[in-house]
Amino acid sequence: MALNIPGLVSLSVFFMLTLAIGIWASWKSKKEQQNRNPTEMAIVGGRNITVFIGLFTATATWVGGAYINGTAEIVYLPSKGLLWVQAPVGFALSLVIGGFFFVNPMRSKNYVTVMDPLQETYGNVMGSLLFIPPLLGEVFWFAAILASLGATMRVILDIGGSLAIIISACTVILYTLLGGLYSVAYTDVIQLVFITLSLWVCIPFALVNSATESIYYTATHQSYQDPWMGKIEQQYLGRWLDDFFYLVLGSIPWQTYFQRVLSAASPGQARLISYLSALGCFLMAIPSVLIGAVAASTDWNQTSYGLPSPLERGESAMILPLVLHYLCPAYISVAGLGAIAAASMSSADSALLSASSMFAHNIYRKILRKKATETEVLWAMRTSTLVFGAGAASLAFYSSSVYDLWFLSGELVYALLFPQLCCALFAPSTNTYGSAAGFLVGLLLRLLTFTVLLTLGTIIAVSYLAAVLFQRNLLPRRWDVCNIMGTTSTLIPLQQMEKQIGSPTVAPEENCD
């Protein structure tokens, strides 16, 4: 296959447009920064992001390259099918739950990152330990996105994946460095528009291709492979439920989400952004579902791709770009590539900004340099952006292993961070001993289905036990190395703790502002 010159030119224009918008947004950020805290401007946009921009950036953050590629792949796989496409519903429910339960308590104390309540409740040392899983998750996620984009460009443009990785990484790092959240949010707008228009333009051509049978028929009837509707067999129901809860609950304790709701102008707007972006995530899965159905309904021997099929060649993960390339005209497949590039960059910049924000605010400012100036923290954020971005780009050359590492990190965030965040926000009687015990138990049992419940129960039970032992002098106060008896959050009367343990679903106080 020859180099696709028109595609390369079109993609170059898209990259330049994205970079130009990012630079413009950084200029806008500096203009509004004069009377605001520069660090908060970079991390949460000075808490001045409109509902419109917030909706686009929150939706684009979840609708990344893995989202649109993965959805199409699962629909295409004979062993999976549509009934195994959990991300659209899972992410939507995650955003609804986040908006309903988590926005008010996070906004009421003007937190800047998801790590703030954890450090406030359990201390800086425990907070720094809890920082490791999300940091690794964001870096590995960035690397996996770049690797996926490189593989896609190899299929459609016939250029080296390494070149695509380097160009994409440099573009994302540059505009994230310049404008922080403002640049990321405003570029998300154009990226989401590209994703929507490009994919919907491609779908009619794929549907009417002569090699493709009616997807309405193949949804429930055997054709070139099993029906793409799929089925959930009884022996896999437990795995289906485990994956579903992983998507719903495990998607909440990420800085990428809280960065959006904490940047809104008010708690009401933050909740609205969550609810609307939930709908947006669900709707954005429709094009990928249709493309996956088309792939499952295609006789690949009638295309220039030939036999064996993508499934037999082990190329199922690339089914979306393969459909765009072999079932659509060349100029249309280029539009589809723009959608994939836009989706990849919209998630990559969010991951990079999240990692650097947490490092600068929670590690550098609160642990390494407690007396650091705002300018110093800002430079720490910029430096970490460069370091994390370069590290992720280097890892992207090892695509398969990077994806496995990201999945492991995501599991750790789900199993370890979600229970810790719930306890920090809704069970303030928990303490560092319980947090550490929960972290250890969750880490050891992360592969079990009920890891999250075990971690949650361990945090509350050990926190209560530690408080009882010290408050009733069953253990000497000098053994309180975590100093829980000297913090206000753990000096709650035992009767109140017992009440909380008996009724763990204590509702957070309503935000007054």
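The values are calculated or read from the model by the stated rules, or taken from the named source; none is laboratory data. Every value quoted in this text rests on a predicted model; they were computed, and no experiment measured them. Heads up, the Cβs are rebuilt from the backbone with ideal geometry, glycines too, and the neighbour counts pull from every protein chain shown. Ligands, DNA and RNA are excluded from the accessible area calculation, which covers all protein heavy atoms including side chains. Shrake-Rupley method; radii C 1.70, N 1.55, O 1.52, S 1.80 Å.
Quick look at the numbers
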quantity	calculated
Contact order relative to length of the chain, as percent, for alpha carbon pairs under 8 angstrom and 6 or more apart	28 percent
Value of relative contact order over the stretch 1-108, rounded to a whole percent, pairs C-alpha under 8 Å and six or more apart	10 percent
Long-range tail of P(r) for the stretch 283-376 (Cα pairs > 14 Å, %)	75 percent
With at most 15 neighbouring Cβ atoms within 10 Å, loop trypsin sites (Lys or Arg not before Pro) (DSSP) excluded, longest segment of the chain	110-230
Nearest-20 debye value, the chain charge dipole, Cβ charges on Lys, Arg, Asp, Glu	1420 debye
Exposed-loop-free span, longest in the chain, where GluC sites (Glu not before Pro) count as exposed if DSSP calls them loop and at most 11 other C-beta atoms lie within 10 Å	1-232
Percentage, to the nearest whole number, of Cα pairs in the stretch 12-170 over 28 Å apart	40 percent
Positive-end residue of Ile484, Gly280, Ser304, charge dipole of the chain with Cβ unit charges	Ile484
Selection from Leu368, Ser346, Leu378, by position along the positive dipole direction of the stretch 329-389 (Cβ)	Leu368
Reduced Cα scattering model of the stretch 27-102, Debye log10 I(q)/I(0), q = 0.22, 0.23 Å⁻¹	-1.02, -1.06
Span-rule helices in the chain, defined as complete DSSP H runs reaching 30 Å or more along the axis (Cα) with Kyte mean at least 0.5	5-32, 116-156, 161-207, 330-358, 374-395
Cα lying deepest toward the dipole's positive end in the chain, options Phe91, Leu465, Met16, charges on Cβ	Leu465
Extent along principal axes [Cα atoms of the stretch 158-272; Å; largest to smallest]	52, 41, 30
Evaluated at q = 0.07, 0.08, 0.10, 0.13 Å⁻¹: base-10 log I(q)/I(0), Debye formula over Cα of the chain	-0.39, -0.51, -0.78, -1.23
Cα-based reach from Lys366 at 16 Å (exclusive), listing aspartates and glutamates while leaving out same-chain residues under 8 positions away	Glu40, Asp116, Glu120, Glu374, Glu376
Helix-only mean residue ellipticity at 222 nm for the chain, each DSSP H run of n ≥ 4 adding -39500 (n - 2.57), per residue, nearest 500	-22500 deg cm²/dmol
Probe 1.4 Å, accessible area per residue of the stretch 217-291, Å²	43 Å²
Over the stretch 60-146, relative contact order from alpha-carbon pairs under 8 Å, at least 6 apart, %	19 percent
Heavy-atom SASA rank of Trp200, Trp254, Trp27 (probe 1.4 Å, accessible area, largest first)	Trp27, Trp200, Trp254
Stokes-Einstein diffusion coefficient of the stretch 347-458, Kirkwood radius over Cα pairs, 20 °C, 1.002 mPa s, in µm²/s	134 µm²/s
